[in-house]
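Undergrad: Input: one structure, supplied below.
None of the figures in this text is laboratory data; all of them are computed from the coordinates on show. Source: prediction; values computed, not measured. Cβ: placed from backbone, ideal geometry, glycine included. Neighbour counts: every protein chain shown.
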Amino acid sequence: YIIFESFQLNYHEFYYGGLDTAKFIVELISNYIKIDEISILEWGCGPGRIIRHLPSLTNSNCNYFATDYNSKSVNWCKENIQNINFDINDLEPPLKYSNNFFDFIYGISVLTHLSEKNYYNWYEEFIRIIKPNGIILLTTHGEASTEKLKFADKKIFNNNSIIEKGNTAEGHRTFASYAPEYFIKNLFSTSSEIIYYKKGEPQDWG
């Protein structure tokens, strides 16, 4: 159930898809930072689909941290995944970490389930805990995802406003937000420099 709640009930895709994503992250980030003796945080780790693979893909003298607001997922990770420091966070910041603590922070499909207010809240928190010249990597629902939206919502999206959809609590996988490119670039240019931006493509699963 923990896997289903955060992903989908497909054990093969959960494990090997997580491995592929971890490889993608390491390959991408290696272009900008040396992955050696650094502190890495996965924000929104769920049941460890991605972070479980990082120690075997990077230098083992790195420090690995992961956090999630689902206490059941975090407790399972603590019991079953070694060499990673797991912790629980709230839906809104702050995290327990001190200023300028991490060299690299990533969150895969986490902003996609948060409100516009929390885009701002979490961005400011990442800026607080990232080191100078550190790297933040986040994914969102962008233009490639708007085929799911109704015409009226697409019009709002095309006017560079975030769309929030879902009849469930914010943070749940059925709560979805869609963020235009202009909004994301404007947000991230306030206190940081965008060094990589890639538009998504529609996938065969939706």
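Undergrad: What is the packing order of peptides 65-73, 163-171, taking the mean over residues of other C-beta atoms within 10 Å and listing the highest first?
TA: Working: 65-73: 18.7, 163-171: 13.8.
Order by mean packing, descending: 65-73, 163-171.
Undergrad: If Lys and Arg each add +1 and Asp and Glu each add -1, what is the summed charge of the other residues whose beta carbon sits under 11 Å from the beta carbon of residue 114?
TA: Once positives and negatives cancel, what remains is -3.
Undergrad: Hey, another quick one. When the dipole is taken about the Cα centre of segment 72-132, and only Lys, Arg (+1) and Asp, Glu (-1) are charged at their Cβ, what size is it in debye, to the nearest 20?
TA: Once rounded to the nearest 20, the dipole reads 100 debye.
Undergrad: Given the pairs 78/165; 78/117; 72/199; 117/185; 117/155; 150/199, which span a C-alpha to C-alpha distance of over 28 angstrom in this model? Display every interim value, and only then the final one.
TA: Values: 78/165 32 Å; 78/117 30 Å; 72/199 33 Å; 117/185 16 Å; 117/155 21 Å; 150/199 21 Å.
Long pairs (Cα-Cα over 28 Å): 78/165; 78/117; 72/199.
Undergrad: Can you figure out the FRET efficiency of residue 198 with residue 154, using R₀ = 22 Å and their beta-carbon distance, to the nearest 0.05?
TA: 0.55
Undergrad: Classify segment 26-120 as rounded, prolate or oblate, taking a ≥ b ≥ c as the square roots of the eigenvalues of its Cα gyration tensor: rounded when a/c is under 1.5, otherwise prolate if a/b is larger than b/c and oblate if not.
TA: oblate
Undergrad: Ok, one more. For a quick check: with amide H placed at 1.01 Å from N, whose amide H comes under 5 Å from residue 86's, ignoring anything fewer than 5 positions away on the same chain?
TA: So residue 86 has HN proximity to 66.
Undergrad: So what is the calculated 222 nm ellipticity per residue for the chain, using -39500 (n - 2.57) for each DSSP H run with n of 4 or more, over all residues, to the nearest 500 deg cm²/dmol?
TA: Helix-only estimate at 222 nm: -8000 deg cm²/dmol.
Undergrad: In terms of modelled amide H atoms, which long-range or inter-chain residues lie less than 5 Å from the amide H of residue 137?
TA: 105, 106, 107
Undergrad: Roughly what % antiparallel, to the nearest 5, for the DSSP beta bridges in the chain?
TA: Antiparallel bridges make up about 15 percent of those DSSP assigns within the chain.
Undergrad: Using alpha-carbon positions, what is the distance between the centroids of segment 143-204 and segment 99-124, in Å?
TA: 14 Å
Undergrad: With the dipole of segment 101-206 worked out from charges on the C-beta (+1 for Lys and Arg, -1 for Asp and Glu) around the Cα centre, which of 188, 203, 161 lies farthest toward the positive end?
TA: Going by the Cα projections, it comes out as 161.
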